[in-house]
Amino acid sequence: MSATVEVLQPQELDRRSELRPEGAGDRKRRWIRYALIYLILIPGAILFVGPFAWLVSASFQRTGDIFSWPPQWIPQDPTVEGYAEFAQTGALRWFANSAFVATSVTVLQLLLNSMCAFAFAKLKFPGREPLFLLVLATMMVPPQITMIPNYLILQRIPLFGGNDLFGNGGHGMLDSYAGLILPGAVSAFGIFLLRQFMMTIPDELLDAARVDGASEFRVYRQIMLPLCRPVLAATAIFTFMAAWEDFLWPLIILSDPGKFTAPLGLAMFVMKNQTEWGMLLAGSVIATLPMVIVFMIFQRQFVQGVAMSGIKG
Amino acid sequence: MAVDTARPASRTRPSGPRRVPAARRPSGSRPSPTRSTSLAGRMGRAWRAYLFLSPGLIVFSLFTVFALLFGFYLTFHEWNLISQDKPFVGLQNYMDLAEDESFLKSIVNTFYFTGASVPITMAIGFCLALLLNQAIKFKGLFRTLFFLPQVTPFVVVAIIWKWLYNGDYGLFNFYLLKTQLIREPLLWLSDQNLAMPAVILMSVWSGVGFSMVIYLAGLQGIPHELQEAAKVDGAGSWQRLWNVTIPQLAPTTLFLLVMGIIGSLQVFTQIFVMTKGGPVERTSTMVYYIYEAAFKFYEMGYATTLAFVLFAITLVFTWIQLRLYRKADL
């Protein structure tokens, strides 16, 4: 018996061993099993989609209808009033702000992280090990620790936001896009992840180019970066989404509503206009859409990225 | 031009530098430039390395390294944002926090949140991953649906749930009343005993998708032969689950546990949007309390001290988990 088992391919074996005991009865059991699986999955899926369905539906209802009891799942009197009003408040600017900030953070991180990673992985220089250890050590530091000192640092950035040469007099980089973007322009974890990937690329590949007279920058740009494309893509998606939904940092440093990011704007909206649910829900839909679209387009890289950071992190 | 010839990895990899045509080698230099040991060569290379590092390291040293040191300095000062003098107070901040009942309460709340939300999220994520790892139809669709909350901005999730929990017209009360599970509408977020469970439920809902995807990746990494061997040995599906699948997924579980705990200790957004720490501090978590200390009362020194306590707690947890990791030899 064992001899036959060994010859079979894994998938084949799988099917065989399941079918072996009895034919029809086993098929019935499998049917029951699938029915049970769907019996759990479908109600589960409803619990997960329900709130979104309600959000979208309610965003097309008049404010009065949103409060109706029983709740309306299909708007009886559909309207885009909420969206129109929301657009009129100037809130659309928050989305432009979010897009700008998230894009800047992503581009800067890809560039700065990969440059650092390249140096750590493929170049020899005095101080490499201690510097890399320092980067590694800060991976564990929660952002809440640096947030208060960074607030005070931003406030004293010289020659910015009305500050003089010594960082006095103005508000520095507080309440500015630069203040939103710069502290997040490089990430220890990003450097680490890219460096680990670059270590797996054989030196010979780079040396061949160097022998041909390529400068170190060309080696980085024309050989290393193209080879790192999968990791870069995964980190780009994560960085973008994290930056898009960052909340605490914008909450702390921004006070001008014109500079609000989408999550901050929405949260402030909840606090100020407790009654304007139509607008709020429309805004929530608008804030969610870009994320869902990015996810749908890059789903494969995204799931791979999750898995990669899960296994290697 | 020349660089392009080196591009295809498969062609260059097996033979390495030896395949570089002799004619292209700069005369007099060694075959492999990385092995050049002349001082000038080494310094030249180091110089370039620092150029590559500098933009990132400047940002990193200011906003991470210096910020940490400055933060440590702050903990020894009474640093009020508004008052002019910021006197050195030694360990006063550290002594104050030991007697700050609101802060101690926030630690308890944070542990409550973490202790409930992390295991529940992982368990549900694991079950979903098991189900979705079967050969069933619409696998991709289900996976996307369960992952949807993960791609939704967290503030939006909090807004939706704040609505669902609404005492007067929330969907929860409506369906619970309709199915007669409750007689009176519940005031989810303003009931002292319900507020934290409500926040936990919402956090579980939004976090399950992540656990599921990580577990799915882990499940796919289990060698097929192991399951087969167990099957040949006559192990039923429950036995295989207990003795093959779960032990094989230990690294995945540990990763989710570490990430989950670190993340949950920092819970903030849902508190800020949904409860503001209330009712009567029942949902006031550490980061929320730190936020209030710093940006409502402007006590930057004291708030930073609290943040260092959070850091210490995080480190202790991570250390324990990494020790477990080593012990289990994963």
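Can you pull the mean other chain C-beta count within 10 Å for peptide A:207-220? Working shown, then result.
Values: counts 10, 14, 9, 7, 12, 11, 4, 3, 2, 7, 3, 1, 3, 2.
Per residue, the average neighbour count from other chains is 6.
Using a cut-off of 14 Å between beta-carbons, work out the net charge of the residues near B:TYR302 (Lys and Arg +1, Asp and Glu -1, B:TYR302 not included). Can you show the working numbers first?
Numbers: positive: B:LYS86, B:LYS296; negative: B:GLU78, B:ASP96, B:GLU99, B:ASP100, B:GLU292, B:GLU299.
So the environment of B:TYR302 carries a net charge of -4.
Which value, in debye to the nearest 20, describes the size of the charge dipole of chain B about its Cα centre when Lys and Arg Cβ atoms bear +1, Asp and Glu Cβ atoms bear -1, and nothing else is charged? Provide the component values of the computation, followed by the final result.
Values: 28 positive and 17 negative charges, 533 e Å.
The dipole of chain B has a size of about 2560 debye.
So which helices of chain B fit the span-like rule, where a helix is a whole DSSP H run, its Cα atoms reach 20 Å or more along the axis, and its mean Kyte-Doolittle is at least 0.5?
Numbers: long enough: B:39-60 (30 Å, 0.80); B:101-132 (46 Å, 1.34); B:195-220 (38 Å, 1.55); B:250-265 (22 Å, 1.89); B:300-327 (40 Å, 1.04).
Result, helices passing both filters: B:39-60, B:101-132, B:195-220, B:250-265, B:300-327.
Rounded to whole Å, give me the distance from the Cα center of the range A:115-161 to that of the range A:65-81.
50
Between the range B:51-130 and the range B:238-291, what is the separation of their alpha carbon centroids in Å?
If you average the Cα positions of each part, the centres end up 17 Å apart.
Which helices of chain A meet both criteria: a Cα extent of 27 Å or more along the helical axis and a mean Kyte-Doolittle score no lower than 1.6, with helices taken as whole DSSP H segments?
Working: long enough: A:24-59 (51 Å, 0.80); A:92-122 (45 Å, 1.11); A:277-297 (30 Å, 2.13).
TM-like helix candidates: A:277-297.
How well do other chains shield peptide A:38-45, expressed as the mean number of their Cβ atoms within 10 Å of each residue Cβ?
Numbers: counts 5, 0, 3, 11, 2, 0, 8, 8.
Taking the mean over all residues of the peptide, I get 5.
Set the Förster distance to 22 Å, then compute FRET efficiency between B:SER61 and B:ARG323 from the Cβ-Cβ distance, nearest 0.05. The partial results should precede the final answer.
On the way: r = 31 Å, r/R0 = 1.41.
Efficiency for this residue pair is about 0.10.
Going from the alpha-carbon gyration tensor of the protein assembly as shown, what semi-axes, largest first and in whole Å, does one get by taking the root of 5 times each eigenvalue? It would help to have the intermediate numbers written out before the result.
Values: eigenvalues 353, 306, 119 Å².
That gives 42, 39, 24 Å for the three semi-axes.
Is there a simple number for the mean count of other chain Cβ atoms within 10 Å of the Cβ of residues in B:131-139, and what is it? Working shown, then result.
Details: counts 6, 2, 0, 4, 4, 5, 2, 4, 1.
Counting Cβ atoms of other protein chains within 10 Å of each residue's Cβ and averaging gives 3.
At a Cα cut-off below 28 Å, give the lysines reachable from A:LYS272, other chains included and same-chain residues fewer than 8 away excluded.
The qualifying lysines are A:LYS259, B:LYS162, B:LYS276, B:LYS296.
Kindly rank A:210-218, A:126-134, B:319-327 from highest to lowest mean number of other beta carbons found within 10 Å of each residue. All intermediate terms of the calculation are to be shown ahead of the outcome.
Working: A:210-218: 16.9, A:126-134: 13.4, B:319-327: 11.8.
Descending packing order for the listed peptides: A:210-218, A:126-134, B:319-327.
In a Gaussian network model over chain B where Cα atoms closer than 10 Å are linked, find which of B:TRP188, B:TRP161, B:TRP238 has the largest mean-square fluctuation.
In this elastic network of chain B, the residue with the biggest mean-square fluctuation among B:TRP188, B:TRP161, B:TRP238 is B:TRP238.
Here, each number is a calculation from the coordinates, and none is a lab measurement. Keep in mind it's a predicted model, so treat the numbers as computed, not measured. Neighbour counts run over all protein chains shown; Cβ positions are idealised from the backbone, glycine included.
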